[in-house]
1. If Phe267 satisfies all but one of (1) modelled with pLDDT under 95; (2) under 27 Å from Pro125 (Cα atoms); (3) not basic (Lys, Arg), what's the number of the condition it fails?
2. Out of everything in the range 163-191 that is at pLDDT 95 or above and of a type in the set (S, T, N, Q), what residue ends up being surrounded by the most Cβ atoms within 10 Å (Cβ to Cβ)?
3. Would you check which residues across the range 58-78 are surrounded by fewer than 18 Cβ atoms within 10 Å (Cβ to Cβ) and of a type in the set (A, V, I, L, M) and list them?
4. Given the structure, is Leu201 out of contact with any helix residue (DSSP H, G or I) (no Cβ under 8 Å at 6 or more places or on another chain), farther than 30 Å from Glu93 by Cα and without any contact (Cβ under 8 Å) to a residue 12 or more places away in the chain?
5. Filter the range 221-244 for residues that are crowded, with 20+ Cβ neighbours inside 10 Å and in a helix (DSSP H, G or I) and give the result.
6. Inside the range 218-239, can you point out the residues that are in contact (Cβ under 8 Å) with a residue 60 or more places away in the chain and either under 27 Å from Ser282 (Cβ atoms) or in contact with a His (Cβ under 9 Å, 6 or more places away or on another chain) (or both)?
7. When you look at Ala32, is it at pLDDT below 90, within 18 Å of Ile82 (Cα to Cα) and surrounded by 15 or more Cβ atoms within 10 Å (Cβ to Cβ), yes or no?
Amino acid sequence: MALTTTTSKSTPPAPAPGASGAAPALSVGKKAAMSDAQFSRLGKIIYERSGIHFPDTKKYVLESRLSRRLQELEMDDYDQYISFLTMGPYQQEEFQEMFNKITINETSFFRNEPQLAVFENQILPELIEARKSVKRLRIWSAACSSGEEPFTLAIQIHRSLGVRLMDWRIEILGTDISELALSTALSGRYTDYALRTTPPLMKQRYFKQNGAFWELDPQVRQMVSFEVLNLKDRLAAKRHGQWDVIFCRNVLIYFDNAMKTQVATMFADQLRPDGTLFIGHSESLRGLDVPFEQMPIPQGFCYRKVAPGAAGNT
């Protein structure tokens, strides 16, 4: 596996207290207050760079998640932080730091098992039959966080193909905007908490305990590659070609309708005509002008592309 992007080597240093242009350090326990104007500016920056939308009612969420970062940087003013985020040599590194603060990478192996059962027992057998002449499967796990989802899919494919696996070319790509989250995926080492929803037999078969961590079977690890990718970057997504299955679960909830439409349209472009899109159980494409129709599979939360001009997003 390879992380096909350059990752930052260090956290950007905090401005020295008392240095020119730097505000005095925060007192211990003191939190900076975020004005409406500062919230608007930060919200615009976040939206333009990631597509994540913070409505006015979520100002307190952004403020609470960034206040600790200001303390780490010894800043007591969000204007100073905005300058640090948008000017100077550490913009990209600080965006990564900020993104790790404002998002919650809540995931685990075999999360939402009924939906995964739909993939393994219905969608995957159909794909194996449809691709038996080329013996190639391509699956994209978008916004995969620390890798539990794509590795779960790899385990399911490994279990389904069995001894036939050596005859197939399996390409599973996990992407995320967070380099920190992907560093865990690249290690293939997880805590008990990451395996909390893993069936005992799967845990016994595919993981080996090493101290406080569980290490994933090397054969499964090599089935998945990882890459930093921003879902706003359609060109980056396009260069990977088309996929048989795309998973993007519990991500659309962070987007407004414009961004949802943009991302779903991009997924449609990157799916094969008979491909399947899986989204989170609390998400929907209903009401969006996108070429998808929901498949009538209970617990599936999955969509197929529709022909141009046909009714979709049902």
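The values are calculated or read from the model by the stated rules, or taken from the named source; none is laboratory data. It should be emphasised that the depicted structure is a prediction, and the values quoted were computed from it without experimental measurement. Glycine also receives a Cβ, built like all others from the backbone with ideal geometry; neighbour counts cover every protein chain displayed.
1. (1)
2. Out of the qualifying residues, it is Thr175.
3. Val61
4. Working: out of contact with any helix residue (DSSP H, G or I) (no Cβ under 8 Å at 6 or more places or on another chain): yes; farther than 30 Å from Glu93 by Cα: yes; without any contact (Cβ under 8 Å) to a residue 12 or more places away in the chain: yes.
Taking the combined requirement at face value, the residue satisfies it.
5. Quick first cut of the range 221-244, residues crowded, with 20+ Cβ neighbours inside 10 Å only: 223-224, 226, 229, 231, 237, 243-244.
Listed by number, the list holds a single entry, Ala237.
6. Gln219, Val220, Met223, Val224, Phe226, Glu227, Val228, Leu229, Asn230, Leu231, Lys232
7. Working: at pLDDT below 90: yes; within 18 Å of Ile82 (Cα to Cα): yes; surrounded by 15 or more Cβ atoms within 10 Å (Cβ to Cβ): yes.
Yes, satisfied.
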